[in-house]
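Here is the structure we will look at.
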Amino acid sequence: MGLDKWIKAEETKKKPKIKEGTKKPKKNDSDSKPKEKKDTIGLKNLLKFDLVCSKAKCKYQKTIRKKELTDKDKICPRCKSIMKIK
């Protein structure tokens, strides 16, 4: 009682090969409408915030692109103090 019949069954279930001449050509949608850059798709209505930690010893800086800042964004991840907006 071996597993040979199960292994052989998997090997015989291969997909049939399609000849190159019978493949359908892919449609190019880029010709009909221009694509936008991925970087600028959602950035049109976002604001840029430059945050600097208020403690002189920390000097942590970060830049955030959001519509509006939350209270969590204004807290410094290093020293847990409130950051200033440049």
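When only residues in region 20-79 that are part of a loop (DSSP other than H, G, I, E, B) and among the β-branched types (Val, Ile, Thr) count, which is modelled with the highest pLDDT? Only one residue tops the list, namely Thr70. Inside region 55-79, residues that are touching a strand residue (DSSP E or B) at 6+ places or on another chain (Cβ under 6 Å), surrounded by fewer than 14 Cβ atoms within 10 Å (Cβ to Cβ) and hydroxyl-bearing (Ser, Thr, Tyr) make up a count of 1.
The values are calculated or read from the model by the stated rules, or taken from the named source; none is laboratory data. Just so it is clear, the structure is predicted and the values come from calculations on it, not from any experiment. Ideal geometry is used to build each Cβ from the backbone, glycine not excepted, and the neighbour counts take in all protein chains shown.
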